[in-house]
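Visitor: Input: one structure, supplied below.
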Amino acid sequence: MPDKNHYDVLGVDANASQSEIKKAYQKLAKQWHPDVNKAEGAEARFKEIAAAYEILGSEEKRRDYDASRRRSASGFGGAARGRSSGSQEPGFGGGSNFDWINDLQHEDIFDMFFNERMGGMGGIPGGFGSSTADAGPRRPTQSTLEVTLEQAYMGEKVRIELGGKQIGLRLPERSRNGNTIRMTGNGSNGLAVGEELLIVLKIAEHAVYSLEEENLIAALRIAPWQAALGGQARIVLPDGAAVNMNIPRGIAARRRLRIPRRGLKKADGTYGDFFAEIEIAIPEPSKEEEELYRRLEALSKFNPQLTKRKS
């Protein structure tokens, strides 16, 4: 049988609704949160409250817990299954491996606070413990983090400073510009326990690539004879992968060649594309090349003429 009666911990009846359980949890969590209550034993009490809500706040876990209590009341408890007195039911009691901050649902742990963080408790009217009727749910803090395209594309680990601490943050692979990463404070990662930080990624301007939403765009400079005859170009993507791109015969400047799904990740889980936009370069010709140009001029029947500009 579980060591603690989770209903007693939250001060609710066994037939309480999920809404009543959530309200009871939020009230107790505000009262006993270690950032608010500095009394000895406050943190242990908060852990007990959080562990109880971890079970009762989930309908599935609550059903399992209620079933366990009924078995114990009928004489078919944990001892009948050969468990030692020091062991705990999975997910029940104070001895579980429950991560009492990070395993809670975000909306539950943050609903118990009020107002947006403004440099700590001193900047929040009434402090975290405010219980005025017109106070709304505390909103998470938002910050912008500038990263390189390579870091975003490869999902690298970057170092950031929070609360005077240097911590590592793993970026999701092929993160798009404006992608938001949610961090939850646990007291050891530079954020206060229960604090939420939204990190909005800003991809820095790149020397080669530009972004059009989740598509990667780069100019591909080719020589006039490559535009006329076609050929191949070796394209290197931000993760260092090399791709051979075919250049069609007679390609015009500003035409785009596409490599599908090699861009950044979209909100729907699909990927943008990579586009190479053709630029025709005119290299300074050597003496031999100039002679070939002269021969081409003599052979060609092309005449310059005005026409409508292509958009």
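Readers should treat all values here as calculations from the given coordinates under stated rules, not as data from a laboratory. The model shown is predicted, which means the values in this text are computed figures rather than measured ones. Neighbour counts run over all protein chains shown; Cβ positions are idealised from the backbone, glycine included.
Visitor: Report, by chain and number, residues whose modeled amide H sits under 5 Å from the one on G185, excluding near sequence neighbours (fewer than 5 apart, same chain).
Guide: Counting only residues 5 or more places away or on other chains, the set is G194, E195, E196, L197.
Visitor: Sticking with this structure for a sec: Just to check, using Stokes-Einstein with a Kirkwood Rh over alpha carbon pairs, what's the diffusion coefficient of segment 141-203 at 10 °C and 1.306 mPa s in µm²/s?
Guide: 134 µm²/s
Visitor: Would you mind putting 287-295, 259-267 in packing order, based on average other-beta-carbon counts within 10 Å, highest first?
Guide: Ranking, from highest mean packing down: 259-267, 287-295.
Visitor: Calculate one ³J(HN,Hα) per residue across segment 151-158 by plugging θ = phi - 60° into the Karplus curve 6.51 cos²θ - 1.76 cosθ + 1.60, and present them in order as whole Hz with x for glycine and proline.
Guide: Going residue by residue, I get 4, 5, 5, 8, x, 6, 8, 10 Hz, with x marking Gly and Pro.
Visitor: Here's something else I'd like to know. With a ≥ b ≥ c taken as the square roots of the eigenvalues of the C-alpha gyration tensor of segment 210-299, please select rounded if a/c is under 1.5 and otherwise prolate if a/b is larger than b/c or oblate if it is not?
Guide: In terms of gyration-tensor shape, prolate.
Visitor: Additional query: What per residue convex hull volume, in Å³, do the alpha-carbon atoms of segment 195-236 yield?
Guide: Spelled out: Cα convex hull of segment 195-236, divided by residues, is 106 Å³.
Visitor: With +1 assigned to the C-beta of every Lys and Arg and -1 to the C-beta of every Asp and Glu, and no other charges, what is the dipole magnitude of segment 141-203 about the Cα centre in debye, to the nearest 20?
Guide: In debye, rounded to 20, segment 141-203 gives about 100.
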